[in-house]
Amino acid sequence: MSQNLRIALTKGRLQDKAVSLFEAMGLDCTPIKNPGRRLIHTIPNYPLDGVLAKAPDVITYVEHGVCDLGIAGKDTILEQGGAFYEVLDLGFGKCRFALAVKEGSDFYGTYKTRRIASKYPNVARAFFAKKGMDVDIIKIEGSVELAPILGLADAIVDIVETGATLKENGLVPIETVAPVSARLIVNTASMKLRKAEIQDFIARCERELEKK
Ligand code: PRP
């Protein structure tokens with residue numbers, strides 16, 4: 001008997017939404033919903049093992065072929081890049097990358113080199129490169145909204161979902177950098193070697209997404 005397909009799931013919010021999708025597809029997700037400290041879970045009624053991992057690691061596991069499939073946010077995909085197929089927009093985990101500044105500040109009204117703080121330096125760099133703007137990027141690990149408030153940066157490039165975090169910290173979005181949502185990704189070799197099984201899984205996902 002061949003080994004189950006293996007899918008890497010981003011732990012946290014995307015994990016819960018992926019589980020809801022899988023359940024709607026008829027997959028028994030009881031093991032993933034009661035994980036304890038276990039990190040690999042076999043779906044009892046479909047030949048699939050779920051691996052729980054941090055977002056950047058989902059991409060690494062899929063890229064290296066130790067997982068055939070993965071569910072990752074477009075934010076992580078844009079930041080990290082890599083060689084894999086992005087086959088489906090799963091439609092959940094929707095938010096956007098935005099450029100945000102302190103309320104009232106005139107970001108484009110100066111010739112000095114702007115400083116941009118972001119947890120996503122590659123996304124920020126690519127955005128300004130496309131504009132032909134020379135900026136200094138400062139990598140921040142979290143709560144990026146602090147950087148302009150503390151005077152470290154002129155602007156941030158960050159995830160905006162409801163906009164509440166920006167608002168409560170006196171910041172305003174001035175441009176959308178890119179839309180973000182969860183994506184189904186596939187290892188390039190698996191796509192060839194386990195084509196039928198992977199296509200069956202993708203088709204099941206698609207059928208469920210079409211109902212929405
Ligand atoms: C993300 C993002 C914003 C916030 C946006 O942060 O970096 O801070 O969510 O959500 P909102 O528009 O709904 O307010 P996260 O909670 O992942 O924590 P972090 O800032 O420490 O990365």
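The values are calculated or read from the model by the stated rules, or taken from the named source; none is laboratory data. It should be emphasised that the depicted structure is a prediction, and the values quoted were computed from it without experimental measurement. Positions of Cβ are backbone-derived with ideal geometry, glycine not excepted, and every protein chain shown enters the neighbour counts. Calculation scope for accessible area: heavy atoms of the full protein, side chains included, ligands and nucleic acids excluded. Shrake-Rupley method; radii C 1.70, N 1.55, O 1.52, S 1.80 Å.
Report, by residue number, each residue of segment 118-136 that is more than 11 Å from the ligand (Cβ to nearest atom) and either open to solvent by less than 40 Å² (accessible area, probe 1.4 Å) or over 20 Å from Gly81 (Cα atoms) (or both).
Scanning segment 118-136 gives Pro121, Val123, Ala124, Phe127, Phe128, Lys131, Gly132, Met133, Asp134, Val135, Asp136.
Does segment 185-199 contain at least one residue that is in contact (Cβ under 8 Å) with a residue 12 or more places away in the chain, in a strand (DSSP E or B), within 23 Å of Ala72 (Cα to Cα) and within 16 Å of the ligand (Cβ to nearest atom)?
no
Being in contact with a Lys or Arg (Cβ under 8 Å, 6 or more places away or on another chain) and assigned by the TED database to the domain that holds Ala24 narrows it down to one of Gly81, Gly73, Gly65, so name that one.
Only one candidate qualifies: Gly73.
Across segment 78-100, what is the number of residues that are within 17 Å of Lys130 (Cα to Cα) and open to solvent by 50 Å² or more (accessible area, probe 1.4 Å)?
Qualifying residue count for the region: 1.
Name the helices (runs of 4 or more DSSP H) wholly inside segment 1-97 in which the number of residues that are more than 27 Å from Ile140 (Cα to Cα) and over 11 Å from the mean Cα position of the chain (by Cα) is 3 or more.
13-24, 30-33
Given the options Gly163, Gly142, name the one that is surrounded by fewer than 14 Cβ atoms within 10 Å (Cβ to Cβ) and either within 11 Å of the ligand (Cβ to nearest atom) or modelled with pLDDT under 95 (or both).
Going through Gly163, Gly142 in turn, the sole match is Gly142.
Go through segment 166-184 and give me each residue that's closer than 30 Å to Ala8 by Cβ and either assigned to a strand (DSSP E or B) or near the ligand (Cβ under 8 Å from one of its atoms) (or both).
Across segment 166-184, the qualifying residues are Thr176, Val177, Ala178, Pro179, Val180, Ala182, Arg183, Leu184.
Out of the residues in segment 146-160 that are open to solvent by 40 Å² or more (accessible area, probe 1.4 Å) and either basic (Lys, Arg) or within 14 Å of the ligand (Cβ to nearest atom) (or both), state the one that is nearest to Asn122 (Cα to Cα).
If we take residues in segment 146-160 being open to solvent by 40 Å² or more (accessible area, probe 1.4 Å) and either basic (Lys, Arg) or within 14 Å of the ligand (Cβ to nearest atom) (or both), then Ile159 is nearest to Asn122 (Cα to Cα).
Given the conditions (1) part of a helix (DSSP H, G or I); (2) under 25 Å from Lys54 (Cα atoms); (3) not aromatic (Phe, Trp, Tyr), and given that Thr162 satisfies all but one, which numbered condition is not satisfied?
Among (1) part of a helix (DSSP H, G or I); (2) under 25 Å from Lys54 (Cα atoms); (3) not aromatic (Phe, Trp, Tyr), Thr162 violates only (1).
Which of (1) free of Cβ contacts under 8 Å to residues at least 12 places away in the same chain; (2) at positive phi is the odd one out, the single condition Arg38 does not satisfy?
(2)
Which of the residues that make up segment 139-154 are closer than 15 Å to Glu79 by Cβ and either in a loop (DSSP other than H, G, I, E, B) or hydrophobic (A, V, I, L, M, F, W, C) (or both)?
Ile140, Glu141, Gly142, Val144
Which count do you get for residues in segment 107-138 that are among the acidic types (Asp, Glu) and in a loop (DSSP other than H, G, I, E, B)?
Total meeting the criteria: 1.
For Gly104, state whether it is part of a loop (DSSP other than H, G, I, E, B), within 21 Å of Leu166 (Cβ to Cβ) and either open to solvent by 70 Å² or more (accessible area, probe 1.4 Å) or of a type in the set (D, E, K, R) (or both).
yes
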